[in-house]
Structure formats: structure tokens, C-alpha cells
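None of the figures in this text is laboratory data; all of them are computed from the coordinates on show. Please read all numbers here as calculations on a predicted model, not as lab measurements. Neighbour counts are summed over all protein chains in view; Cβ atoms, including those assigned to glycine, are modelled from backbone coordinates with ideal geometry.
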Amino acid sequence: MAQAEEEIYCIGCGAKIQTENKDELGYTPQSALDKGLEKGEVYCQRCFRLRHYNEIAPVSLTDDDFLRLLGQIREDDALIVYVVDMFDFNGSMIPGLHRFVGDNPVLLVGNKEDIFPRSLKRSKMKEWLKQQANLQGIRPIDVLLTSAKNTDEIETLLNTIEKHRKHRNAYVVGVTNVGKSTLINQIIRLNNGVQDLITTSRFPGTTLDKIEIPFEDGKMLIDTPGIVHEDQMAHVLTGKDLKYVSPQKTIKPKTFQLDSQQTLFFGGIGRFDYLSGHGAVSTYFENNLFIHRTKLSNADHFYEKHLGELLTPPDAADKQRLPELQRHEFRLDEKSDVVIEGLGWVTVPAHATIAIWAPQGISTVVRRPLV
């Protein structure tokens, strides 16, 4: 086939275009391929449907495929642009990053800083981000906060990449849903005016292969596939419910004065029990996620009765597919953030014993408070 010889690739996700097997990566009908070649923009059918209808099609790419692609980075002398989600920092860390990047320098980019109130000092956020990265064994050469919604910050990101790459390729890496492709789309738009070239969505695993954007010196800015973390909240919710866990606007923290033996429900997908202690706890979740307070003694019955109705997401149609909530107990000697990865966190005062509940398979952690 002519297209196989020419090795045409989808500009939305990087998959190699083919017209023979609908169930394999890169499929597009021949008629669509011909039209795309005429326009100079070829998208696979999966990207076309995702972009125009917000439909996600299953693909045969495995975690091993992602890791194999990232493993190629070790062989290149390059700058690593490591993008993490500031709202879901713990859930967006790549375990053993240096296994994939070797000795290459790392520029750490905290994305989605725009969803945090401006009252939170960005210098404090950067220092917090650096310290958390150090705990993961990462020693970045620079730390940057950014947002794809802020043109000035995108220009700063591009200038910082240019400063540190020193005429080398730059690989953009991260787990799924941290906003890598959205950032690169903004860089492309700034450089040549093309809008939303790369496919983006709230669904995990949108980018399927490397996507290369040339620098002026002939080197490449390379968007790599996001590493899929199966313990991310996005994997246990339906597409329509992802809006409850992916803030698009500045989050508005809610503060509750709690006594011992009180419970907070976060929709139907999270729960916080104040077992002992008292004082103000602050919650940081997507603004539309319903938070309900009740007595601990009534919590189990309340959940069973109202899941899918008052406590949503999930709705009634999807509650059977939600994994059972699992309980994790912590004794906090210091003020701490108690995190449900991919959903949000509760900032709890010192000298408290708490239990946090999350869907089975979703990680919970205690960390130094961000705010």
C-alpha cells in the first residue's frame, strides 16, 4: 500500500495511519485519508471521533508499548520536560523516572496552576513542588509553574525549554491527563497559529505514539504517550463524570468545623471520617463535586441509601460498576494533606486520627500540606 510505504502518521495522536483493520491503531477509511492528504492534516478515525464527537474508541496499545516508547529516551542526549498536574501531584508522578530518561537533565513543570487561588503564593508552590520531587528522588535543573490557558506562561515555558535544551531534542513526558498535549498545542499555536493540532481530552491515553514538532535548529520537541496509571480516578469513572474530578476553573476550598465522629462524603466516590480530634478541615475538590456532612454512626447507612441519587457521581445507572470504597486509617501528628489521588484532598490539623475512603485500587496518601 502506498500509504504504508510513505509511513503517514496521525497528527492527533502519532499513530501510524492504516486503512485495512478497523480494530487496530491508526485506522482511517481510504476516503478520509485522501481528504486529509489534500488538506495536509491526516487524523486517524479514533482522533476524528474524539475531536468531533468526544467519543473514545478502545485501542490495542498496552502499558508495555508505552514503556517501550519511553525507553528510547535513554539513548538520546536530550532535555526531559517532566509535566505533572499540580492538582493531582501524587497521582501524576512517574515511579522510577530515571529508568526511562537516564542521565538526561529534567525540567519539572507543574501544570494547571491556574486552578489554584491567586492568594496562594506561586513561590511557595514551586518550593513545595521541588521538595516533593526530591522525596521521589528527582533533582530537577529547574522548576516551573504553568497553565495552557495563559499565553504569557506558555511563552515562559518555551523560553525555559530553549534555555536548558542547548541545541538538543526535548521530550515532554508525564502520566496521562496531566495536560502535556494541551501545552504543546499552545506552543504550536504561538509559533504558527495552528489551533488544537494534537488530540486532547479528559480520557486517559489520548497520545499513542511520539509526536514531533521541529525547533528552528532542526531538533525536535517531542510529545510522548502518557504513562497509564491504573490507580487514577479517571479509570473508575465514566466519561460524563470526569468533569467532577478535573477542575477547569479556580477551585474554591470549603472549610468545615468538625468534631470527632463526623463524616464528609465527596459525592459517592470518596469519604472522610474524623475519628478523633476537632477543628477546621479544608477540602480541595472540583467545585461541582457535592460534599455532604453527616454523623459517623450514620455514614454506612446513609451511603447505601443515597449512592447514585444524593451522592453523585456515580449516577444510579453507573453505581454498580463503581469499585467498593476501601478504608485507610491515619494518625496525623502534624498538619497534613490527606489525598485521594485524582480526586482532591483534605487539609487536616495536627493531632488527629482520620480514615479516608476511596474506590478500590485508587491510592490515598498523606503529605506535607500544599496550602
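Straight distance only, please: which lysines reach the Cα of Lys22 with their own Cα at less than 22 Å, same-chain residues fewer than 8 apart left out?
Lys35, Lys210
Give me the percent relative contact order of the stretch 242-302, please, defined on Cα pairs under 8 angstrom at least 6 residues apart. Intermediate values should be presented prior to the final figure.
Details: 96 pairs, mean separation 25.4, N = 61.
Value for the stretch 242-302: 42 percent.
What is the dipole size for the stretch 250-322, taken about its Cα centre, with +1 at each Lys and Arg Cβ and -1 at each Asp and Glu Cβ, in debye to the nearest 20? Don't skip to the end; give the middle numbers.
On the way: 8 positive and 8 negative charges, 27 e Å.
With only Lys, Arg, Asp and Glu charged at Cβ, the dipole is about 120 debye.
Under the 0.36 nm per residue contour assumption, what length would be gained going from the current alpha-carbon distance of Lys243 and Leu275 to full extension?
Numbers: separation 32, 0.36 × 32 = 11.52 nm, distance 3.03 nm.
Gain in length upon complete extension: 8.5 nm.
Please identify every one of the chymotrypsin sites (Phe, Trp or Tyr not before Pro) in the stretch 249-309 that sits in a loop by DSSP and has no more than 16 other beta carbons within 10 Å of its own beta carbon. Each step should come with its number before you reach the end.
Numbers: sites: Phe256, Phe265, Phe266, Phe272, Tyr274, Tyr284, Phe285, Phe290, Phe302, Tyr303; in loops: Phe290.
Taking the stretch 249-309 and a limit of 16 other Cβ atoms within 10 Å, the loop chymotrypsin sites (Phe, Trp or Tyr not before Pro) found are Phe290.
From the cross-link list Lys112/Lys249; Lys243/Lys335; Lys126/Lys219; Lys252/Lys319; Lys16/Lys180; Lys130/Lys166, which pairs have alpha carbons spaced over 18 Å apart?
Lys243/Lys335; Lys126/Lys219; Lys252/Lys319; Lys16/Lys180; Lys130/Lys166
Determine the gain in length on full extension of the stretch Phe256-Asp300; use 0.36 nm per residue of separation and subtract their C-alpha separation, reporting nm with one decimal.
Details: separation 44, 0.36 × 44 = 15.84 nm, distance 2.03 nm.
Answer, rounded to one decimal: 13.8 nm.
Calculate, for Asp34 and Arg189, the FRET efficiency according to 1/(1 + (r/R0)^6) with r their C-beta to C-beta distance and R0 30 Å; round to the nearest 0.05.
Details: r = 27 Å, r/R0 = 0.90.
So, using R0 = 30 Å, E works out to roughly 0.65.
Using only Cα atoms, what is the ratio of the radius of gyration of the stretch 251-367 to 2.2 N^0.38 Å? The partial results should precede the final answer.
Numbers: Rg = 13.2 Å, N = 117, 2.2 N^0.38 = 13.4 Å.
Normalised Cα radius of gyration, the stretch 251-367: 0.98.
Ignoring solvent entirely, what values of log10 I(q)/I(0) come out of the Debye formula for the stretch 111-178 at 0.15, 0.17, 0.21, 0.26 Å⁻¹ when each Cα is a single scatterer?
After summing over all Cα pairs, the log10 values are -0.58, -0.75, -1.14, -1.44.
Give me Trp345, Trp357 sorted ascending by neighbouring Cβ count inside 10 Å, so fewest comes first.
Placing the least packed residue first, the sequence is Trp357, Trp345.
What FRET efficiency, computed as 1/(1 + (r/R0)^6) with R0 = 35 Å and r the Cβ-Cβ distance, is obtained for Arg293 and Thr151, rounded to the nearest 0.05?
Working: r = 41 Å, r/R0 = 1.16.
About 0.30, to the nearest 0.05.
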